[in-house]
Amino acid sequence: MTEEHQRLEEARNHIIHWKRWGPYLSERQWGTVREDYSPDGQAWDYFTHDQARSRTYRWGEDGILGICDDQQYLCFALALWNGKDPILKERIYGLTGTEGNHGEDVKEYYFYLDSTPTHSYMKGLYKYPQAEFPYTWLVQENQRRGREAPEFELLDTGIFQENRYYDVFLEYAKASAEQILIQITAINRGPDPQTLHILPTLWFRNIWSWNPNSPKPLIKVAKSDQQFSVLEASHPTLGQRWFYCEGSPELLVTDNETNYQRLFGVENQSAYVKDGINNYVVQGDNNAVNPSRVGTKVAPHYRFTIGAGETRVIKLWLSDAPNIPQPFGSEFSRIIATRRSEADQFYHAIAPPGINDDQLDTPRPVRTGILTSTSRLAQPGRNQKE
């Protein structure tokens, strides 16, 4: 029995809740029936991608290669900025059913590379262009084309020419059922040095706005020095979690609240809103984040100039332990490597006889897709992957 088989047994027998945390976060919550309150049932037009960064969801959250607990109280996902896009890249972009010449269609390149059934190890890849993301061009060109014409894809824009993009790998490894190590690896595939902003984002799903009797959770800075920072997240049901961030990034804190002023032209109900981090980083609005560093959405802000072919690595740790003295020492690397190896052992153990290593690795992303989808189906009220 492999280590992953043992974890499955512990989860099945309710000994250890290994599946509490997993990839239960949708790539796209906007424009879906889950968030549709339109009078005519037009979900695509009722909640648009342009609104998504500013408007609070009710039934779920979304993000790039993200995770959350099985009730989706606390969420984590990747956010990026290349210094040229008009907005942070916080979620997957696609055309709605009325915009695409073949209907609804995602216009991004991201890949689920690995996962065990308990999500003790997971790995994904997002390919982020270094030039400005062509949001408007993708819509206009696909609307111009008829049904008989091929779809106009992101690759067709030429934005990836000369390999001018970043490969951003995201790895998760569980030290225990409640301790998740996160490693972000960004590689500049292009020929020139480029500046990349990486904002690993932690936030609470907004439940309190829909239920006045629901207590509001809180994220605050617990520690910040040159070695690492710690954010403390407190939730009335989930309890407390601590988010350890390598180095000394700027800690940007806002609230997961709707920006009514931007969307509807009326006064905001909160001084700090969902798109506050976007407005601070992209628009340079210094008043958009809370100087007291208390709220319900937070992102450590890492900024790197990465040379051609060079790599930058960020280490993070989401934990139920408040005092990890050296979270990013050799133990961090050991746990990541161990969980990778255990994933290999598990898939070798369940492989049919006669399968070689190349054949074994080929269907693994397919198995990963099955695992990430089926794990969501078991969760009450879960927003399933698109």
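Determine the distance separating the Cα centre of region 301-358 from the Cα centre of region 26-53; give it in Å without decimals.
So the separation of the two Cα centres works out to 35 Å.
In nm, what is the difference between 0.36 nm times the number of residues separating Asn213 and Tyr37 and their Cα-Cα distance?
Values: separation 176, 0.36 × 176 = 63.36 nm, distance 2.25 nm.
Contour length minus the Cα-Cα distance gives 61.1 nm.
Positive end of the dipole of region 123-279, charges at C-beta (+1 Lys, Arg; -1 Asp, Glu), about the Cα centre: which of Leu154, Gln143, Gly276 has its Cα farthest in that direction?
Working it through, the farthest residue towards the positive pole turns out to be Gly276.
Grab the Cα-Cα distance for Asp50 and Thr195, subtract it from 0.36 nm times how many residues apart they are, and report the gain in nm with one decimal.
49.7 nm
Consider the candidate values (1) 5, 22, 33, 27, 11, 2, 0; (2) 5, 20, 29, 25, 16, 5, 0; (3) 5, 23, 32, 23, 12, 5, 1, 0; state which one is P(r) over Cα pairs in 10 Å bins from 0, in percent computed from the structure displayed.
Computing P(r) over Cα pairs in 10 Å bins from 0, in percent and matching it to (1) 5, 22, 33, 27, 11, 2, 0; (2) 5, 20, 29, 25, 16, 5, 0; (3) 5, 23, 32, 23, 12, 5, 1, 0 gives (1).
Stretch Leu263-Tyr109 to full length: gain in nm at 0.36 nm per residue minus the Cα-Cα span? Don't skip to the end; give the middle numbers.
Working: separation 154, 0.36 × 154 = 55.44 nm, distance 2.88 nm.
The span from Leu263 to Tyr109 would gain 52.6 nm if fully extended.
Only helical DSSP H runs with n ≥ 4 go in: add -39500 (n - 2.57) per run for the chain, normalise by residue count and round the 222 nm mean residue ellipticity to 500 deg cm²/dmol. Could you put the intermediate results ahead of the total?
Details: 9 runs with 79 residues, N = 386.
Computed ellipticity for the chain at 222 nm equals -5500 deg cm²/dmol.
Would you work out if region 61-207 is rounded, prolate or oblate? Take a ≥ b ≥ c from the square roots of the eigenvalues of the alpha-carbon gyration tensor; rounded if a/c is under 1.5, else prolate when a/b is larger than b/c, oblate otherwise.
Values: a/c = 2.09, a/b = 1.49, b/c = 1.40.
Prolate, since a/c reaches 1.5 and a/b exceeds b/c.
Suppose accessible area is computed on protein heavy atoms with a 1.4 Å probe; arrange His119, His17 from highest to lowest.
Working: His119 0, His17 80 Å².
Descending accessible area places them as His17, His119.
Please give the charge dipole size of the chain, origin at the Cα centre, charges +1 on K and R Cβ atoms and -1 on D and E Cβ atoms. Round to the nearest 20 debye. Present the calculation step by step, with values, prior to reporting the outcome.
Values: 41 positive and 50 negative charges, 156 e Å.
In debye, rounded to 20, the chain gives about 740.
Once the dipole of region 305-358 is set up with Lys and Arg at +1 and Asp and Glu at -1 on Cβ about the Cα centre, which of Asn356, Asn323, Ser341 lies farthest towards its positive end?
Result: Asn323, furthest along the dipole toward the positive end.
Gap in Å between the Cα centre of region 62-107 and the Cα centre of region 166-211?
When both Cα centres are located, 13 Å separates them.
Once you list every other residue whose beta carbon is under 12 Å from the beta carbon of Glu232, what net charge do they have if Lys and Arg are +1 and Asp and Glu are -1? Show your work: numbers first, answer last.
Values: positive: Lys220, Lys223, Arg241, Arg293; negative: Asp320.
Here the charged neighbours net out to +3.
So what J values fall out for region 340-353 if you push phi through Karplus, 6.51 cos²θ - 1.76 cosθ + 1.60 with θ = phi - 60°, rounded to Hz, Gly and Pro as x?
Here the 3J(HN,Hα) series is 4, 4, 5, 5, 4, 4, 5, 6, 5, 5, 9, 6, x, x Hz.
Quick one: what are the phi-derived ³J(HN,Hα) couplings along region 289-306, Karplus 6.51/-1.76/1.60 with θ = phi - 60°, whole Hz, x for glycine and proline?
With coefficients 6.51, -1.76 and 1.60, one gets 10, 7, x, 6, 6, 9, x, 10, 8, 9, 9, x, 9, 9, 10, 10, 9, 10 Hz.
If a/c stays under 1.5 just call it rounded; otherwise compare a/b with b/c (prolate if a/b is bigger, oblate if not). Do that for region 145-256, with a ≥ b ≥ c from the square roots of the Cα gyration tensor eigenvalues. Mind showing how you got there, number by number?
Numbers: a/c = 2.58, a/b = 1.53, b/c = 1.69.
Cα axes put region 145-256 in the oblate bin.
The values are calculated or read from the model by the stated rules, or taken from the named source; none is laboratory data. The structure displayed is predicted, hence computed values, not measured ones. Positions of Cβ are backbone-derived with ideal geometry, glycine not excepted, and every protein chain shown enters the neighbour counts. Only protein heavy atoms, including side chains, enter the accessible area calculation; ligands, DNA and RNA are left aside. Shrake-Rupley method; radii C 1.70, N 1.55, O 1.52, S 1.80 Å.
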